[in-house]
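*Asks:* Got a structure here, written out as structure tokens. Questions coming.
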Amino acid sequence: MKEQRPAVEGWFTMDRERPQLLGTRCQACRTFFFPKEEQFCRNPECDGREFEEVPLSNKGRVWSYTEHHYQPPEPYISPDPFVPYTVAAVELAEEKMVILGQLATGVQAKEIEVGTEVQLVLETLYEDDSNDYLVWKWKPTTH
Ligand SMILES: [Zn+2]
């Protein structure tokens, strides 16, 4: 039995049933950040330097999406040979932020549109002899 590990340490909880991305929130202006901001608040009207780690909403709505035909940036690792994939930009209502992620395995771009409700899932990004390395993806709640 392989160990399940995050492909990127500390970016999300490892709860397979209801995973959540981990962001930070500025203690001064209450703005959320993902990936985590821990040094200086990026709100130009705030000079906050104190941040708390917060789990983000695990559901949101598709704000935009695109099919990619080129190699994705880290932390994604491309299958070889490379196959096109769909990235969805998902808006989290409470946090008022947009999170990028690939669509879950088996979900086609034609199954989503702007406004589709999606939830966070964890899938194996790559593996070695002893570990599965997981990453977050977006899956329609009706899928
Ligand atoms: Zn702030």
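The values are calculated or read from the model by the stated rules, or taken from the named source; none is laboratory data. Everything quoted here is computed from the prediction, not taken from an experiment. Glycine also receives a Cβ, built like all others from the backbone with ideal geometry; neighbour counts cover every protein chain displayed.
*Asks:* Under 6 Å between Cβ atoms, at least 6 apart or on separate chains: pull out the pairs that start in the range 16-42 with a residue that is without any contact (Cβ under 8 Å) to a residue 24 or more places away in the chain and end on any residue that is assigned to a loop (DSSP other than H, G, I, E, B) and surrounded by fewer than 17 Cβ atoms within 10 Å (Cβ to Cβ).
*Replies:* Going by the 6 Å Cβ cut-off, the qualifying pairs are Ala28/Cys46; Cys29/Asn43; Cys29/Cys46; Thr31/Asn43.
*Asks:* Residue under question is Asp80, and the condition is that it be out of contact with any strand residue (DSSP E or B) (no Cβ under 9 Å at 6 or more places or on another chain), closer than 27 Å to Tyr126 by Cα and not in a strand (DSSP E or B); does it hold?
*Replies:* So Asp80 passes the test.
*Asks:* While we're on this one: Which residues, taken from the range 48-84, are away from the ligand (no atom under 16 Å from the Cβ) and modelled with pLDDT of 95 or more? Working first, answer last.
*Replies:* Narrowing the range 48-84 to residues away from the ligand (no atom under 16 Å from the Cβ): 55-84.
Listed by number, the residues that qualify are Pro55, Leu56, Ser57, Asn58, Lys59, Gly60, Arg61, Val62, Trp63, Ser64, Tyr65.
*Asks:* I need a count of the residues in the range 3-30 that are within 16 Å of the ligand (Cβ to nearest atom), part of a strand (DSSP E or B) and among the hydrophobic types (A, V, I, L, M, F, W, C).
*Replies:* 1
*Asks:* Got a sec? Which of Glu38, Glu45, Glu95 is within 15 Å of the ligand (Cβ to nearest atom), in a loop (DSSP other than H, G, I, E, B), over 27 Å from Tyr126 (Cα atoms) and under 14 Å from the mean Cα position of the chain (by Cα)?
*Replies:* On the way: Glu38 fails: under 14 Å from the mean Cα position of the chain (by Cα); Glu45 fails: under 14 Å from the mean Cα position of the chain (by Cα).
Glu95 is the lone residue from the list that is within 15 Å of the ligand (Cβ to nearest atom), in a loop (DSSP other than H, G, I, E, B), over 27 Å from Tyr126 (Cα atoms) and under 14 Å from the mean Cα position of the chain (by Cα).
*Asks:* For the range 98-134, what are the residues that are buried (at least 18 other Cβ atoms within 10 Å of the Cβ), outside any loop (DSSP other than H, G, I, E, B) and among the β-branched types (Val, Ile, Thr)?
*Replies:* Ile99, Val118, Val121
*Asks:* Say whether the condition of being touching a residue at least 60 places away in the same chain (Cβ under 8 Å) and on the phi > 0 side of the Ramachandran plot is met by at least one residue in the range 109-116. Give the derivation first.
*Replies:* Filtering the range 109-116 down to residues touching a residue at least 60 places away in the same chain (Cβ under 8 Å) leaves none.
No, the range 109-116 has no match at all.
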